[in-house]
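These notes concern the structure reproduced below.
The values are calculated or read from the model by the stated rules, or taken from the named source; none is laboratory data. Keep in mind it's a predicted model, so treat the numbers as computed, not measured. Cβ placement follows ideal geometry from the backbone for every residue including glycine, while neighbour counts extend to all protein chains displayed. Side chains are part of the model used for accessible areas, which takes the heavy atoms of the whole protein and leaves out ligands, DNA and RNA. Shrake-Rupley method; radii C 1.70, N 1.55, O 1.52, S 1.80 Å.
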Amino acid sequence: MFQNQPTTRASAAITYLEAIRAAQHKLLTDDPRVFIYGQDIADFGGAFKATKGLAKEFPGRVLDSPISEDAQVGMAIGAAIEGMRPIIEMQFADFSTCGYTQIVQHAATLHWRTGVPCPIVIRLPSGGTAGAGPFHSQSMEALYAHYPGIVVMTPATVEDAYTMLLEAVEIDDPVIFCEHKYLYYHLKADALPTVALPTGKARVARPGRDATIATYSAMVHESLACAAELAKEGWEIEVIDLRSVKPLDTDTILASVSRTGRLLAVGEAFPWGGVTAEIVARVATEGFDLLDAPPMRLNAKDTPVPYHPNLWGTHRPTATSIIAAMRRLLKA
Amino acid sequence: MSQARASQSADKNQERYLAVYRWMLLSRVLEEKLSSLYRGGKITGGVFLGRGQEALSASLGTALRKGDIFAPLIRDMAGRLAFGETVLNATRTYLGSRLGPMRGRDGNIHRGEPARGYYAMISHLGAMVSAVAGGLFARRLRGETGVVGATCVGEGATSTGSFHEGLNMAAVEKLPLVVIVANNQYAYSTVNARQYACADLVQRAAGYGVPGYKIDGTDPSACIEVVHEAVARARAGEGPQMVVADLLRLVGHGEHDDFNYMSHALKVSPIGRDSLDVARDQLTTAGWATPAQLDAMRDQAAAEVEEACGTAIREPLPDPNTEDWCAIHTRRLAEGNQL
Ligand SMILES: Cc1ncc(C[n+]2csc(CCOP(=O)(O)OP(=O)(O)O)c2C)c(N)n1
């Protein structure tokens, strides 16, 4: 499904993080309306180096901001009203709560209230890594997806990190771009794509016929590991990579469930509400007859994200816990 | 002042200085140990150190009393220890011991013991200012007097809305809050010119309607005098006090950071001094301690740190199977983790 036609044969593999940097490089090159504003992103290149070298190459367009998330987003909104395409880097997704008012109350409502679009992109380094603890690990996609007026992207591959960020800036609405920190260095691709599925279309990451896993971001890879493991026993698990959680591609999920009859929705975020609940609700209401067993969800535990790796490894879903859930689903 | 009284107050100054120095030293030795454990791969997650900021932090820790409220931030190991945190509990948090105050749930600088007024910072900068104000508000409602609350921030944190809201509110409520701003010239990599535009952060105090004090944060005797005075004034009912200290972060933002962005000119400038060296000079020049005595203090600190690390490293780690996966106190309202 995913038409990944490599154009450049890079000698070294490109990481997910480098793809994000490359997309911003291309955006700054191609579109004079683009500028990037965030903490430590200029000469330092950002806490994760997603803007490395860009300040030098694009003077005055990649700027260090004070530690003022609310004001950073507010300034992006004002600049967008005036026709610019700002990108805001949050140092960690978790700190975006300090800019929450501007994002969900102001940016999200602007077009609906006034007819003037609000094309801003807010990059959220998201998700857990070992030892990061409660304030540097959160997955905030559902908090933003809840509000009308916002697009929420959750790329799981190097290719999507690149093409979706390009598309995010093109979109005339506020886009929350959830880039997963765990994937930054772990994922590599040979080249950057020129063609991609549009945002709003999910991707079948692995076809199967016995059960469907609908998931996104880092959990795509845990789910693929689960599918590979269960394949050894003859099970064929289909893995759907949602790519964006808002819009959520219900059609692709329903089409998959119509083939498999079983659904497990997996997410790294907290269990109450959220993306997996939305998936299950849609399948239950729109595709109840397709189901051979009650749909299941697997999320992080209902506590803050723990600091110690011993706890963190159990707090979030992993291939192991996804396999356990899938075994229950296959038996149901 | 009579001669007897003058010598009495000199004794008191000497005693206070030596106490501050002891905490500075203990903090330094412990942080050096943590840094080497980090480099040896023994610590998961970040290690953020207060090297260069010990005099300021220890001055605050010693000015506070049992029963006060203290919300330290990233670079306050010295103040935490002075406020009664044991070396063992500090170490446990870094090594993930299940027996530490955070039980492996949270780590490093995010530790605290709020039940005794030692608040546990969240990462979101500026957030602790209003929380300490709230603690003080409660004390006042209960009729407690003579209590002080203090929190520390870096210059970067002063750019947050939370800082502004918290300090303004404390000023409106005339709470006995002491805010210490450690202006260490960098917020991670960001220089002051990209953080604020006033000539000096202490000017902000006037805008909040609170007294502002300016000190050289590398000068321990100045830190002791001014911070103790600010705390005394807050305690006496004079409302919030804001202290701004100029100094330099003598380490990376965290131990992962080589801080090669730091200006050489600043490093060799007066604020690049190591307050521990300055303290040693001041103490020996005043005749308050001999170099041999100070060396002995360091040996003692090193022994204490080694013992704590030796204990913490053998303690049980958190176990996901016995961990209580419940985030709320009202257990009957917990939903469990069935999803
Ligand atoms: C609201 C918020 N935004 C971003 C961060 C990420 N962050 C952690 S420490 C830091 C720099 C802090 O600088 P400063 O307040 O000057 O303290 P220093 O580290 O210099 O002691 C940043 C940006 C944060 N903790 N909180």
Quiz item: Counting only DSSP beta bridges with both residues in the protein assembly as shown, what percent are antiparallel, rounded to the nearest 5?
Solution: 15
Practice problem: Mind ranking B:33, A:188, A:232 by accessible surface for me, highest first, 1.4 Å probe? | Solution: A:232, A:188, B:33
Quiz item: Based on the Cβ-Cβ distance of residue A:259 and residue B:261, what FRET efficiency does E = 1/(1 + (r/R0)^6) give at R0 = 45 Å, to the nearest 0.05?
Solution: 0.25
Quiz prompt | Summed residue charge, Cβ within 12 Å of residue A:102's Cβ, Lys/Arg positive, Asp/Glu negative | solution = -2
Practice problem: Quick one: order B:288, A:235, A:112, A:272 from most to least accessible surface, probe 1.4 Å. | Solution: A:112, A:272, A:235, B:288
Quiz item: Among the aspartates and glutamates, which have Cα under 15 Å from the Cα of residue A:232 when same-chain residues fewer than 8 positions away are ignored?
Solution: A:210
Practice problem: Can you figure out the FRET efficiency of residue B:324 with residue A:327, using R₀ = 22 Å and their beta-carbon distance, to the nearest 0.05? | Solution: 0.25
Quiz item: Dipole magnitude of the protein assembly as shown about its Cα centre, charges +1 at Lys/Arg Cβ and -1 at Asp/Glu Cβ only, in debye to the nearest 20?
Solution: 900
Quiz item: What accessible surface, in Å², does a 1.4 Å probe find on residue B:335, ignoring ligands, DNA and RNA and rounding to the nearest 10?
Solution: 100
Practice problem: Calculate, in nm to one decimal, what residue B:200 and residue B:313 gain on full extension: separation in residues at 0.36 nm each, minus their alpha carbon distance. | Solution: 36.3 nm
Quiz item: Nearest-5 percent of antiparallel DSSP beta bridges in the stretch A:203-326?
Solution: 20
Quiz item: Around residue A:66, what is the net charge, scoring Lys/Arg as +1 and Asp/Glu as -1 over all other residues with Cβ under 12 Å from its Cβ?
Solution: -4
Quiz item: In nanometres, what is the gap between the two model label sites at residue B:302 and residue A:29, each 7 Å from Cα along Cα-to-Cβ?
Solution: 5.6
Quiz item: What does the average come to when, for each residue of peptide B:189-200, you count the partner chain Cβ atoms lying within 10 Å of its Cβ?
Solution: 3
Quiz item: Rounded if a/c is under 1.5, else prolate if a/b is larger than b/c, else oblate: which is chain B, with a ≥ b ≥ c the root eigenvalues of its Cα gyration tensor?
Solution: rounded
Quiz item: Using a basic spin-label model with each label point 7 Å from the Cα along Cα→Cβ, how many nm lie between residue A:209 and residue A:100?
Solution: 4.7
Practice problem: Compute, for residue A:262, the solvent-accessible surface of its heavy atoms (probe 1.4 Å) with the complete set of protein chains present, and express it in square angstrom to the nearest 10. | Solution: 40
Quiz item: Which net charge results for the neighbourhood of residue B:275, defined as the other residues with beta-carbon distances under 9 angstrom from its beta-carbon, given Lys and Arg at +1 and Asp and Glu at -1?
Solution: -3
Exercise. Post the alpha-carbon centroid distance, the stretch B:119-174 to the stretch A:231-298, in whole angstrom.
Key: 46
Practice problem: With both partners inside the stretch A:7-193, how many of the DSSP beta bridges are antiparallel, as a percent to the nearest 5? | Solution: 10
Exercise. Using the structure shown, list the pairs from A:49/B:42; A:301/B:174; A:49/B:214; A:181/A:201 with a Cα-Cα distance above 31 Å, or answer none.
Key: A:301/B:174; A:49/B:214
Exercise. Over the stretch A:7-193, give the accessible area per residue in Å² for a 1.4 Å probe, as an integer.
Key: 35
Exercise. Would you mind pulling out the separation of the Cα centroids of the stretch A:198-213 and the stretch A:86-116, in Å?
Key: 30
Practice problem: At a 1.4 Å probe radius, which order do B:264, A:180, B:164 fall into by accessible area, largest first? | Solution: B:264, B:164, A:180
Quiz item: Given a 1.4 Å probe and the protein chains all in place, what does the accessible area of residue B:113 round to, in Å² to the nearest 10?
Solution: 40
Quiz item: Over all residues in A:294-307, what is the mean tally of Cβ atoms on other chains that come within 10 Å of each residue's Cβ?
Solution: 5
Quiz item: Which whole-angstrom value gives the distance between the alpha carbon centres of the stretch B:51-70 and the stretch B:228-278?
Solution: 13
Quiz item: Across peptide A:39-47, what mean number of C-beta atoms from other chains lies inside 10 Å of a residue's C-beta?
Solution: 5
